[in-house]
There are 10 protein chains.
Amino acid sequence: MLFHVRMDVAIPHDLDPEVRADLVAREKARALDLQASGVWPELWRIVGEYANVSIFDVESNDALHDLLASLPLFPFMSIQVTPLATHPSKLGA
Amino acid sequence: MLFHVRMDVAIPHDLDPEVRADLVAREKARALDLQASGVWPELWRIVGEYANVSIFDVESNDALHDLLASLPLFPFMSIQVTPLATHPSKLGA
Amino acid sequence: MLFHVRMDVAIPHDLDPEVRADLVAREKARALDLQASGVWPELWRIVGEYANVSIFDVESNDALHDLLASLPLFPFMSIQVTPLATHPSKLGA
Amino acid sequence: MLFHVRMDVAIPHDLDPEVRADLVAREKARALDLQASGVWPELWRIVGEYANVSIFDVESNDALHDLLASLPLFPFMSIQVTPLATHPSKLGA
Amino acid sequence: MLFHVRMDVAIPHDLDPEVRADLVAREKARALDLQASGVWPELWRIVGEYANVSIFDVESNDALHDLLASLPLFPFMSIQVTPLATHPSKLGA
Amino acid sequence: MLFHVRMDVAIPHDLDPEVRADLVAREKARALDLQASGVWPELWRIVGEYANVSIFDVESNDALHDLLASLPLFPFMSIQVTPLATHPSKLGA
Amino acid sequence: MLFHVRMDVAIPHDLDPEVRADLVAREKARALDLQASGVWPELWRIVGEYANVSIFDVESNDALHDLLASLPLFPFMSIQVTPLATHPSKLGA
Amino acid sequence: MLFHVRMDVAIPHDLDPEVRADLVAREKARALDLQASGVWPELWRIVGEYANVSIFDVESNDALHDLLASLPLFPFMSIQVTPLATHPSKLGA
Amino acid sequence: MLFHVRMDVAIPHDLDPEVRADLVAREKARALDLQASGVWPELWRIVGEYANVSIFDVESNDALHDLLASLPLFPFMSIQVTPLATHPSKLGA
Amino acid sequence: MLFHVRMDVAIPHDLDPEVRADLVAREKARALDLQASGVWPELWRIVGEYANVSIFDVESNDALHDLLASLPLFPFMSIQVTPLATHPSKLGA
């Protein structure tokens, strides 16, 4: 089941640089793991913004929330989730 | 080059039903053709709305505008285009 | 799987009164049927507005979109869907 | 009498971690107590956000404000209250 | 129990003038009746707008919705309801 | 001459607690004085928010600004003023 | 007593051209009369928009509403009124 | 003196097709004339929208308003004007 | 050439009080000087807000930006500039 | 390929003045370099704001994001990118 997710990152400028670097490194590792597991099939950078558009493929709403809340940057992100359905004009649908 | 496109459709309720049916049929045919050609790799329905989220893969901004303006429903859609870039945490990037 | 749905109804004032009455009657019948089937467990009127807040309980995003699109008033509603998850402070969760 | 309440939580990142942990623990305890008393029949997490949608069942506007203001996280929440009425298409209404 | 209500009126310009005049006359009569009954203690015009700010004093959310929906101009108004509580700094509170 | 005033209070969480307590106490004293003088006839809490809706009755715009700017919490409030006029459907108008 | 007023005009495109021309002519005549009387000291066009920014100098809120409602284009304008006070840094204040 | 202008076009769908075609043709002719005269140095289509971003180079605010109001599509456009100044980091500034 | 300018002031609450007092004093002196020079003919306080509406009369966009950027409070203000033109219904225009 | 870019700068007021001065100096140097290279053909100040409107001419979305992210002030800017296409009424198009 697919969900469209937009994440906007806003790390406070006065956060300790080491804490910040650690957060960003752990975020990347976690993102790679989740992509490798198949639940995060698409991930794009929005040009000019510290933000991404992603597609998640999960079993349930609860599973999606748990994944997003597990991201190290979760406390510093504004996240907007939009449920997706099959489009009747989709090729092959 | 990838673009994120959201299209919201608003066909006036007093449009002639035959004109409407013809528009919708031609829109579907055009959408299938464009998908088959490879420029419109993703197309999803937003749950509960007469709207879609799409990914287009085109050579240039001009090419994208020409594709969108060629859609039979173009005069009745509100379209929002967001350029996408490679995300540094994308698996395989 | 639960979804929070807000529906705002805006029937054009110049719609034929009989068409309107028929739409509204069929909407009510359809709403009662869906509630009886268990997929629409909650339905409230927002005070002062021609709008409702609902909770849907469905198997998938596709199932939810099909239900909403089957409502006779669908072409005249603005619908906003929000996926819900279990809250960690929910009694009994 | 039912009210729809949305709460968005924003705890400042530089709040003392012990103060924060204490606040969150007391918030949970208070939420469980209020639910057990019957005034807070529904509580859901919004997927991807540090926010909830709740239904409160209270005797009056004053009672609702007192309940919400008694939440330990009240100073760090943005709360939006919407009064609900019986829907004429509600099954059994 | 007090509620703050803002009503913005937008009668379509192509409505039949007699229908319009009748609506407006019946709206005024209904407003006077409701005020006389005590449920609508305050009613002010917003300067420069076809809109009002009102205070309603009712027993319940259901009672308020029924009152508002009974207004002849209800189909042509956008209404926003805000529940009010006693203010701790209110003189005599 | 009546004005509708909405005040939203946002005291920074890191303000010294004594300074804050003093501000809040002086705000309440000032509010009581102004109400006793007749210029602030109505004051309600908005349910769930650190905000109020008020009615002021003053001689002029200058008088209203001076009153509002004299509130101890003025530097921490967002204030929105709306001029009110007599409504033609007001009972007794 | 001064008020800042912004008026945005939106005459429906399908209004009878003669009715429209008559409205616009009467609006201009009324505007000139009000300016000559001293209550409308400033009137500017906003560049690129069918809108104006005005300053009104009136005795009361009621007087201002009556003036604005007397404008022939009132039913086709969206009007936003902002009360002004003397600025402490105004030269000569 | 440079101004940034965004124009969004919204021609009503029920406008007579010949009137529409005539308007669009005259708009194009006028746009070409104005560009040739040097006052409209830049004109771009916004991808996916019936809208443009333009730069105008004029002597005064009055001159800009007269140019914009002279466009045949002016009654069907929403126009937003932003004054531009020399940027201190502009190469050659 | 006239411009409508709205300035909203937001000085951080934790700014050193002496720095703040100095800024405010220098702002007032600068405002008086500019008014005396004729480029800032109108300056009003918005009732209830730490904000003003002003009219500037300058030779060019560059001149206006330089004036605004020279204000000591410029780094703490949100400024919105709207170009004004002669109104065709202005008395004497 | 052209893109319209708006950048709003918001440097925290409590940033170390030397760090700030260094950032601003490096931003200017980088901006001059990029303009000299041809990828940033237009750069204007928005009157009254710490913001600019720019036109970028790049090979791809990825190239644009890399350029923007290389700006020393990138962490303190809010950036909005709009893809541009050739306008059919452009002189010479």
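Data for the structure
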{"read-out": "Residue that is buried (at least 16 other Cβ atoms within 10 Å of the Cβ), under 26 Å from A:PRO83 (Cβ atoms) and within 14 Å of chain C (Cβ to nearest Cβ), where the choices are B:ILE79, B:ILE46", "value": "B:ILE46"}
{"read-out": "Condition met for H:PHE3 (under 27 Å from B:HIS13 (Cα atoms) and aromatic (Phe, Trp, Tyr))", "value": "no"}
{"read-out": "Test: residue in the stretch D:53-66 that is within 30 Å of C:LEU34 (Cα to Cα), surrounded by 18 or more Cβ atoms within 10 Å (Cβ to Cβ) and either among the small types (Gly, Ala, Ser) or in contact with a Cys (Cβ under 8 Å, 6 or more places away or on another chain) (or both)", "value": "yes"}
{"read-out": "Condition broken by H:SER60, with the remaining ones in (1) facing another protein chain (nearest Cβ under 7 Å); (2) in contact with a Leu (Cβ under 7 Å, 6 or more places away or on another chain) satisfied", "value": "(2)"}
{"read-out": "In the stretch B:4-15, residue nearest to the chain's Cα centre (by Cα) [restricted to those that are facing another protein chain (nearest Cβ under 7 Å) and touching a residue at least 24 places away in the same chain (Cβ under 8 Å)]", "value": "B:VAL5"}
{"read-out": "Single residue of the stretch D:63-76 satisfying the filter (more than 7 Å from every other protein chain (Cβ to nearest Cβ) and among the aliphatic types (A, V, I, L, M)) that is farthest from D:LEU2 (Cα to Cα)", "value": "D:LEU73"}
{"read-out": "Residue identified as touching a helix residue (DSSP H, G or I) at 6+ places or on another chain (Cβ under 7 Å) and closer than 30 Å to A:LEU23 by Cα among B:ALA93, B:ALA85", "value": "B:ALA85"}
{"read-out": "The stretch F:16-29, residues that are out of contact with any Pro (no Cβ under 7 Å at 6 or more places or on another chain), among the hydrophobic types (A, V, I, L, M, F, W, C) and more than 10 Å from chain E (Cβ to nearest Cβ)", "value": "F:VAL19, F:ALA21, F:ALA25"}
{"read-out": "Selected residue (only one of G:VAL19, G:VAL5, G:VAL24, G:VAL53 is closer than 26 Å to H:PRO72 by Cα and part of a strand (DSSP E or B))", "value": "G:VAL53"}
{"read-out": "The one condition in (1) touching a residue at least 24 places away in the same chain (Cβ under 8 Å); (2) surrounded by fewer than 22 Cβ atoms within 10 Å (Cβ to Cβ); (3) more than 14 Å from chain H (Cβ to nearest Cβ); (4) of a type outside the set (Phe, Trp, Tyr) that G:LEU32 fails to fulfil", "value": "(1)"}
{"read-out": "Residue satisfying condition, being of a type in the set (D, E, K, R) and surrounded by 17 or more Cβ atoms within 10 Å (Cβ to Cβ), within set D:ARG20, D:ARG6", "value": "D:ARG6"}
{"read-out": "Options F:LEU15, F:LEU43, F:LEU32; residue that is at pLDDT 95 or above and out of contact with any strand residue (DSSP E or B) (no Cβ under 9 Å at 6 or more places or on another chain)", "value": "F:LEU32"}
{"read-out": "In the stretch J:56-77, the residues that are in a strand (DSSP E or B) and within 24 Å of A:ASP8 (Cβ to Cβ)", "value": "J:PHE56, J:MET77"}
{"read-out": "Checking A:LYS90 against (1) in contact with a His (Cβ under 9 Å, 6 or more places away or on another chain); (2) in a loop (DSSP other than H, G, I, E, B), the condition it does not meet", "value": "(1)"}
{"read-out": "Residue match in the stretch B:14-36 (condition: under 28 Å from A:GLU27 (Cβ atoms) and not aliphatic (A, V, I, L, M))", "value": "no"}
{"read-out": "Residue check, H:GLN80 at pLDDT 95 or above, touching a strand residue (DSSP E or B) at 6+ places or on another chain (Cβ under 8 Å) and in a helix (DSSP H, G or I)", "value": "no"}
{"read-out": "Candidate set: the stretch D:27-43, residues that are more than 14 Å from C:HIS87 (Cβ to Cβ) and assigned to a loop (DSSP other than H, G, I, E, B); chosen: the one nearest to the chain's Cα centre (by Cα)", "value": "D:VAL39"}
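Here is a yes/no grid of residues against (1) of a type in the set (D, E, K, R); (2) under 24 Å from J:GLU59 (Cβ atoms):
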| site | (1), (2) |
| --- | --- |
| B:ASP8 | yes, no |
| B:ASP16 | yes, no |
| B:ARG20 | yes, no |
| B:GLN35 | no, no |
| B:ILE46 | no, no |
| B:GLU59 | yes, yes |
| B:SER70 | no, no |
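The values are calculated or read from the model by the stated rules, or taken from the named source; none is laboratory data. Every value quoted in this text rests on a predicted model; they were computed, and no experiment measured them. Counting neighbours? That spans all protein chains shown, and the Cβs are built from the backbone with ideal geometry, glycine included.
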